[in-house]
Each structure stands twice: as C-alpha cells, then as structure tokens.
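What follows is a short report on a single structure.
Values quoted throughout were computed directly from the atomic coordinates according to the rules given, and no laboratory measurement underlies them. Everything numeric here is computed off the predicted structure, so don't read it as measured data. Positions of Cβ are generated from backbone atoms using ideal geometry, with glycine treated the same way; all protein chains shown enter the neighbour counts.
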Amino acid sequence: MVKEQLEVLKALDIAKTQLYHFTAIVIAGMGFFTDAYDLFCISLVTKLLGRIYYTVPGSAKPGSLPPNVAAAVNGVALVGTLAGQLFFGWLGDRMGRKRVYGLTLLIMVVQ
C-alpha cells in the first residue's frame, strides 16, 4: 500500500501543470475565502447586535453586547463551522466532493 501511494506521489511530481490545476486552486481558495469570511465578520455582527438590541435610550454611548452573550454568539459560530466541516466532509466522502461543493455553494447563495 505504501508503495502504491509513493507511485501516485511520483506521478504527481512529474505531471505537467495544466489549466485544471489552476482551476482547482482557485475553487479551493474560493471555498476557503467564503468559510473564513463567516469567521472574520462575526466580530462585526456582535457589535451590530449590541448597537441594535442593547442601546440605552438617551445614552451618548452606543450599546454593546454583554460579555456572556458575545461569547455565546462567537462560540455558536465556531461550533457551527466545526459541525459543518465535519458533516459536509463526511457527505463529500459519500456523495463526491464536487457534488457536495456545489450543494454548499447553492446553500450559501440561497441564504
């Protein structure tokens, strides 16, 4: 089994770079970008939630989320990301990565 894996790696080393390789890199990068975007924008969402729901009328300072609520929002975002990666990774092994990537892309567009 190890010898077969080494032969596959050797074949990849001597393969010429084609358009397919660049397409795969761009698609994987777009997937990483959309996943990372959710994690990076959660801090902005917590600020907005604080300003919308925790503003004291007549106060000069904008509202902010209590620390326990902010921690819960950030924690749910991280747990949701982990659960999504595990579930869609498993689903990708079962149905095929290309099909599942299209499905997740469709879910993100519909949202």
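Figures for the structure shown
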read-out: Table column - 3J(HN,Hα) (Hz), the range 82-91, Karplus curve with 6.51, -1.76, 1.60, x for Gly and Pro; value: 5, 5, x, 5, 5, 5, 6, x, 5, 5
read-out: Pair Ile52, Leu106: separation of 7 Å Cα→Cβ label points (nm); value: 2.9 nm
read-out: In order through the range 94-111: 3J(HN,Hα) via Karplus (6.51 cos²θ - 1.76 cosθ + 1.60), integer Hz, x for Gly, Pro; value: 7, 9, x, 5, 5, 5, 6, 5, x, 5, 5, 5, 5, 4, 5, 5, 5, 4
read-out: Under Karplus coefficients 6.51, -1.76 and 1.60, residue-wise ³J(HN,Hα) of the range 28-37 in Hz, glycine/proline x; value: 5, x, 5, x, 5, 4, 5, 5, 5, 4
